[in-house]
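Derivation of every value follows stated rules applied to the coordinates shown; laboratory data play no part. Please read all numbers here as calculations on a predicted model, not as lab measurements.
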Amino acid sequence: MPEHEHKGHRQRLRNRFLSSSLASFAPHEVLELLLSYCIPQSNVNPLAHRLIDRFGSVAGVLDATPEELQ
């Protein structure tokens, strides 16, 4: 996907969170929001999907050891 298709995506996620909380978010979107604060200027959507696929849930990702996350 061209870079311009993602322009403003992080801000849209943050605005959506501020207006409706995480209740309206898919699990990968929760991780995407968190990762966007840790990994600047990078599309973290594919990583969020891989983490959910690997660990099964947001809780699974948060419970993973640093070694598992590497």
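Could you give the length gained by full extension between residue 57 and residue 16, i.e. 0.36 nm per residue of separation minus their alpha carbon distance, to one decimal place? Provide the component values of the computation, followed by the final result.
On the way: separation 41, 0.36 × 41 = 14.76 nm, distance 2.07 nm.
Gain on extension, residue 57 to residue 16, equals 12.7 nm.
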Per DSSP H run of n ≥ 4, the term is -39500 (n - 2.57); total these for the chain, divide by its residue number, and report the mean residue ellipticity at 222 nm rounded to 500 deg cm²/dmol.
-18000 deg cm²/dmol
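Send over the semi-axes of the chain's equivalent ellipsoid, whole angstrom and largest first, taken as the square roots of 5 times the C-alpha gyration tensor eigenvalues.
Numbers: eigenvalues 87, 47, 20 Å².
In descending order the semi-axes read 21, 15, 10 Å.
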